[in-house]
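Some notes on the structure that comes next.
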Amino acid sequence: MPIPKRRPVPLREPLDLETPDEDRPVAAYNPPSRKTIPPFEALRAFDAVARLGGVRQAARSLGRDHAVISRHLKTLEQWTGARLIERTARGVALTKDARRYHREIAAAMDAIAASTIDLMRRGYHNHLYVSCAPGFALHWMSRRVGLFEKLHPDVEIELRSLDRNISVAPYESDIEIRFVPAYRTSMKVPAGVHCEEVASVAVVAVASPAYLADAAPIRTPGDLIGQRLLHEHDFDGWAHWLAVHGVYDDLDLTGPRLSQGHLTLDAALHGRGVALVNGLVGQAFLDSGELVEIGRGEPAFQPYSFGKYYVLVGADRKDTPLVRRYLRWFTAELARDVAKPHVAGRVLLAGK
């Protein structure tokens, strides 16, 4: 009787015999059926809408037109046969089934992204991704990062700006630098991320000399109520700043609202009104005289309202030599600048 041929066994990576294998997820022998996995672009669009709370926010995050995102959502609904999106007066909302589905696939999307970034980085031992707010990136970091590159010519720095409405996952940047104003009492830190406060910086009211020449005199913080105030995203920033300076009543705030701090700064530079800026971002313009700190040296404008800078680093990367080298340089640069009069701050991690 002939001996039956054995089914060929596909080659697999050898098991790590020193690590118990019981806790490892085991993949099925065969790949999932084509019908069980929707088009990946549709999944990405759905995931972004679920995380960011809207089609337009998702479109901005993915660099797509909002109509494209809507088509992807429709594709996913047709593929699954389930209703995922409900139209409301405030935009779109996930159905109960969609919320449950997203909870189950979100971890898988994160795992795919994390594994891909990890694979890509294996060949980039001297490449560092640094993310920060657009204003800080444009007016502070980009002006100084060349100093680090001269000191360390073997290192490549990729500087990225962050949208204030998008929470960047820990695997997308080696180092993330965030500014949190005092009126925002908490900051959500993703799991697996080490977060540390590095500096405290004064937030001051500024305007151009041309604007102040035509404006009514500003002798007290209360006089600002009658000025054209420039708001970053909402009215919270000015409401808190005025409250710190003893102005609580009759706060019927008006004025242009711009989505980012660097836009309010630019508007102030062009004489459109009075903006709030932290001393690090506005330092160059205050030093040059393009902007004037309102109430500087006047007791009525003390004490300062402060904001804090935080550094976020993946817990698995915070002790790597390149990250430590960059953070030592970064905190040393901060220490030099926060000691200047316009900044009026302090650094907590210098020399670490």
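The values are calculated or read from the model by the stated rules, or taken from the named source; none is laboratory data. Please read these numbers as outputs of a predicted model, since none were measured by experiment. Cβ: placed from backbone, ideal geometry, glycine included. Neighbour counts: every protein chain shown.
Just a yes or no: is a residue in the range 233-241 at pLDDT below 90 and among the acidic types (D, E)? Within the range 233-241, one or more residues are at pLDDT below 90 and among the acidic types (D, E). Please specify each residue of the range 216-235 satisfying the condition of being touching a residue at least 40 places away in the same chain (Cβ under 8 Å) and either farther than 29 Å from M187 by Cα or among the aliphatic types (A, V, I, L, M) (or both). Once the filter is applied, which keeps residues that are touching a residue at least 40 places away in the same chain (Cβ under 8 Å) and either farther than 29 Å from M187 by Cα or among the aliphatic types (A, V, I, L, M) (or both), the range 216-235 yields I218, R219, T220, L224, Q227, R228, L229, L230. Is at least one residue of the range 243-261 at pLDDT below 90, of a type outside the set (A, V, I, L, M, F, W, C) and not in a loop (DSSP other than H, G, I, E, B)? Yes, the range 243-261 contains a residue that is at pLDDT below 90, of a type outside the set (A, V, I, L, M, F, W, C) and not in a loop (DSSP other than H, G, I, E, B).
Of the numbered criteria (1) crowded, with 17+ Cβ neighbours inside 10 Å; (2) small (G, A, S); (3) touching a strand residue (DSSP E or B) at 6+ places or on another chain (Cβ under 8 Å), the one A45 fails is (3).
Just checking, which of A98, A67 is crowded, with 17+ Cβ neighbours inside 10 Å and either on the phi > 0 side of the Ramachandran plot or at pLDDT 90 or above (or both)? From the options A98, A67, the qualifying one is A98. When A335, A267 are checked against the criterion of being farther than 23 Å from V198 by Cα and either assigned by TED's automatic domain parsing to the domain that holds V198 or not charged (D, E, K, R) (or both), A267 stands alone in meeting it. Counting only residues that are touching a Lys or Arg at 6+ places or on another chain (Cβ under 8 Å) and within 14 Å of A205 (Cβ to Cβ), the range 233-260 holds 1 of them.
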